[in-house]
């Protein structure tokens, strides 16, 4: 996992294709040890799938820190929105938007359509 410090955020990059339960335990320890002087962001550019534990960890972490997600793929975004965890985190499409706090990815309401 890579940790990048910018002037406004700490960015954690898991660098794995799948965030499993074991990886969530590692991320939990890493996020709890982060200083609280800046918000944290998860760069999910390499992540293809996430376990449910990852989303629960985001919710728990959001109770004490400001948290954002950047570069998430469509599968992760849909899971985030369907479970309504998007209310705990801000979602940006890239690092530039995160740094400038603009162009937040807005929640798209999903519905099932039966044909």
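Could you tell me which residue of segment 17-32 is modelled with the highest pLDDT, considering only residues that are touching a helix residue (DSSP H, G or I) at 6+ places or on another chain (Cβ under 6 Å) and within 25 Å of residue 97 (Cβ to Cβ)? For segment 17-32, the residue satisfying everything is 19.
Here residue 103 fulfils each of the conditions (1) at pLDDT below 85; (2) more than 20 Å from residue 45 (Cα to Cα) apart from (2).
Whenever a residue of segment 66-87 is in contact (Cβ under 8 Å) with a residue 12 or more places away in the chain and on the phi > 0 side of the Ramachandran plot, its partners that are part of a loop (DSSP other than H, G, I, E, B) and surrounded by fewer than 19 Cβ atoms within 10 Å (Cβ to Cβ), lying with C-beta atoms within less than 6 angstrom and at least six residues away or across chains, give the pairs 71/45.
Matching residues to (1) closer than 22 Å to residue 104 by Cβ; (2) over 12 Å from the mean Cα position of the chain (by Cα):
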{"residue": "26", "(1), (2)": "no, yes"}
{"residue": "34", "(1), (2)": "yes, yes"}
{"residue": "42", "(1), (2)": "yes, no"}
{"residue": "73", "(1), (2)": "yes, no"}
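The criterion of being more than 15 Å from residue 10 (Cβ to Cβ), in contact with a helix residue (DSSP H, G or I) (Cβ under 9 Å, 6 or more places away or on another chain), buried (at least 20 other Cβ atoms within 10 Å of the Cβ) and modelled with pLDDT of 85 or more holds for residue 54. Remark: residue 35 falls outside the filter, which requires a residue to be crowded, with 17+ Cβ neighbours inside 10 Å, touching a strand residue (DSSP E or B) at 6+ places or on another chain (Cβ under 8 Å) and at pLDDT below 90.
The values are calculated or read from the model by the stated rules, or taken from the named source; none is laboratory data. Quantities reported herein were computed from a predicted structural model and do not represent experimental measurements. Note: ideal-geometry Cβ built from the backbone for every residue, glycine included; neighbour counts use all protein chains shown.
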